[in-house]
Amino acid sequence: MSSTAPFQMLIDGQLVSGTASLPVTNPATAQVFAHAPDCTREQLDQAVSAARRAFPAWRDLGEDQRRERLAQMAPRIEQAIGTLAPLLTQEQGKPLASAQGEIGALVHFMREQSQLKMPAPVVNEDSPQRLSVTHRVPLGVVGALAPWNFPVLLAWWKVIPPLLAGNTMVLKPSPLTPLTALRVAELVADLLPPGVLNVISGGDELGPWLTAHDGIDKVSFTGSTQTGRRVMESASRTLKRLTLELGGNDAGIVLPDADVPSLIPQLFWSAFTNSGQVCIDTKRLYVHSSRFEEVVQGLADYARNIPVGPGDDPKTLLGPIQNERQFRRVQGLVNQAREQGLDIRFEGQVPEGPGYFVPVTLIANPPEDSAVVAEEAFGPVLPILSYDSIDEVVERANASPYGLGGTVWGKDEALATSVANRIQSGTVWVNETMHLSPHAAFSGHRQSGLGVEHGVEGLLGNTSAHTVVLKRQA
Ligand code: NAD
């Protein structure tokens, strides 16, 4: 794989160029640095038809044969981290070490996912009269769409579970960050029969074309809640199955007994990893009033020493916002907070120049209904809010249309776990944050999503129940 070769799509086992191309911008410089193919409607039809043609043979191959092929993907990707990571930094903005970490996490996920096992068929009745057995059968063709914050991890960890379950696929990364995902497709193209996995890139029209396509049986989508609603609407016409991993506004809760000095780095990274562009970052930090000033001051002191800059500078720990639209949105939230006279306790430094850099910003005790608390900022801006009682903080943490994650910090593990049990979201961490596992169900409650990714439950989400009932002859 040459790092300068043109980017191509994988359709029906062939690497193909687009008839048009899509510019890709480096967010650290705001300059276009490469072009990806812009998939036409005809090419989308070809990809979907190829996936439909490949489906029966892939389904009939059996789980173990499929596993054998899929297990070869992770080592191929692992060997290429050295060339993939700098490309990921260029298109996404994150520091090189974080880009290496993202691809390393993908390798880990894909290795473990290929070892998942479909649960045995369930015997519902085995009597002299009747044998009733429920099997799981694949759905057909899965269309998968990914966002720009972890462009390679969130796209490619969608691949193995549906394929292992016997489906075929069309995968589409974000138009803002398609390049590393396309390179991964080149690396693994020869491991699967033609058409089993198709990887396409394109502009804003391609997502709606894919989710509305009659040849798609399920949509696996990660992105914003707003887009998730549109995906659900377009899937309704042919009743496509859906997995939606959407936005969040996760609360972090610091209990009164927390060891604040030693927690400060973890509290900081729980909110600012990937410059705040993580669906499960802490987006509202609730601190008991007895520890409030200590936490605000500790975070400000820590933030002062975190270099923000281009991801290819080895000193950088926080990169830019990935795209101009999101950059303007996050700037808008901070400007609004300033205009409302909110208590901005800390604003960090950013490099001068055209890149999409936003300073680390800490806002003390903004009103619960201010935009910076109520909306998902998806940038390096953290509201820190004080509370007085456990019942109060649980109520405030749960008063959100979202329910993706959440974190509780405290020395008394039983107390902290009892608080976590009351948080109404898909995953809650106690004394750590953002730990995801290929074996643990990940899901969003309420407007954070629908269905499950990962674990056996995630695998089953790529199947339908198929019950066969035999009436025994006397
Ligand atoms: P987005 O919703 O704008 O885009 C996601 C994908 O959907 C892209 O591939 C895009 O091309 C496609 N798309 C856009 N409009 C479409 C339409 N009308 N029909 C079909 N497809 C369409 O999201 P984004 O801005 O790229 O990502 C940021 C959001 O993603 C944040 O809200 C974040 O919380 C969320 N997110 C959620 C998770 C999770 O697992 N729950 C993980 C990461 C990010």
Open item on the list: Please report the spacing between the Cα centers of segment 30-103 and segment 204-265 in Å, no decimals.
Closed with: 20
Task: Mean Cβ count within 10 Å, highest first, over the residues of peptides 76-89, 232-245, 148-161, 328-341 - done: 148-161, 76-89, 232-245, 328-341
Task: Between segment 411-474 and segment 163-183, the Cα center-to-center distance that results, in Å - done: 23
Task: J(HN,Hα) series, segment 423-428, from Karplus relation 6.51 cos²θ - 1.76 cosθ + 1.60, nearest Hz, glycine and proline x - done: 7, 8, 8, x, 9, 10
Open item on the list: Which one, 285, 350, 409, projects farthest toward the positive side of the charge dipole computed for segment 251-438 from Cβ point charges (K/R +1, D/E -1)?
Closed with: 350
Open item on the list: Please compute the contact order of the chain in relative form: average sequence separation of alpha-carbon pairs under 8 Å and at least six residues apart, divided by the residue count, as a percent.
Closed with: 19
Open item on the list: Please compute the Kirkwood hydrodynamic radius over segment 251-438, one decimal place, Å, based on all pairs of different Cα atoms.
Closed with: 16.7
TODO: Skip the ligands, DNA and RNA, and give the accessible area per residue of the chain with a 1.4 Å probe, whole Å².
DONE: 41
TODO: Using only the alpha-carbon atoms of the chain, report the extent along each of the three principal axes, biggest first, to the nearest angstrom.
DONE: 75, 60, 39
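Percent relative contact order of segment 1-128, based on C-alpha pairs within less than 8 angstrom and at least six residues apart?
Computed value for segment 1-128: 20 percent relative contact order.
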Task: residue 352-residue 440 pseudo-label distance in nm [points 7 Å out on the Cα-to-Cβ vector] - done: 4.5
- [ ] Quick one: dipole size for segment 251-438, taken about the Cα centre, charges +1 on Lys/Arg Cβ and -1 on Asp/Glu Cβ, in debye to the nearest 20.
- [x] 400
- [ ] Starting from the Cα gyration tensor of segment 119-275, take the square roots of the eigenvalues, sort them a ≥ b ≥ c, and report rounded, prolate or oblate (rounded when a/c is under 1.5, otherwise prolate if a/b is larger than b/c, else oblate).
- [x] oblate
TODO: Go from 0 up to the bin containing the longest alpha carbon distance in segment 1-79, width 5 Å each, and give me the % of pairs per bin.
DONE: 3, 12, 14, 17, 17, 17, 12, 5, 3, 1
- [ ] Provide Rg and Dmax in Å for segment 58-141, with only Cα atoms included in the calculation.
- [x] 19.9, 66
Task: segment 251-438 - share of DSSP beta bridges that are antiparallel (%, nearest 5) - done: 15
Open item on the list: Two decimals, Cα atoms only, Kirkwood Rh: what is Rg/Rh over segment 114-201?
Closed with: 1.17
Task: segment 184-257: C-alpha gyration tensor shape, a/c 1.5 cut-off, then a/b vs b/c - done: oblate
- [ ] Assign unit charges at the C-beta atoms only (+1 for Lys and Arg, -1 for Asp and Glu), then state the dipole size of the chain relative to its Cα centre in Debye, rounded to the nearest 20.
- [x] 1500
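Per residue and in Å³, how big is the convex hull formed by the alpha-carbon atoms of segment 415-457? Intermediate results must be reported in sequence, preceding the final value.
On the way: hull volume 3.2 nm³, N = 43.
Hull volume over Cα atoms, normalised by residue count, gives 75 Å³.
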TODO: Could you tell me the accessible area of residue 250 in Å² (1.4 Å probe, neighbours in place), rounded to the nearest ten?
DONE: 10
Open item on the list: Using +1 at the C-beta of Lys and Arg and -1 at the C-beta of Asp and Glu, which of 398, 74, 147 has the Cα lying farthest in the positive direction of the dipole of the chain?
Closed with: 74
Task: C-alpha long axis of helix 96-113 to longest principal axis of the chain, angle in ° - done: 40
- [ ] Count the lysine pairs in the chain whose Cα atoms sit under 16 Å apart, keeping only pairs 8 or more residues apart in sequence or on different chains.
- [x] 5
Task: Fraction of beta bridges assigned by DSSP in the chain that are antiparallel (%, nearest 5) - done: 50
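Using the Cα gyration tensor of segment 199-355, with a ≥ b ≥ c the square roots of its eigenvalues, what is the shape: rounded (a/c below 1.5), prolate (a/b larger than b/c) or oblate (neither)?
Prolate, because a/c is 1.5 or more and a/b exceeds b/c.
The values are calculated or read from the model by the stated rules, or taken from the named source; none is laboratory data. What you see is a predicted model, and the numbers here were worked out from it, not measured in a lab. All Cβ positions, glycine included, derive from the backbone under ideal geometry; neighbour counts span all protein chains shown. Calculation scope for accessible area: heavy atoms of the full protein, side chains included, ligands and nucleic acids excluded. Shrake-Rupley method; radii C 1.70, N 1.55, O 1.52, S 1.80 Å.
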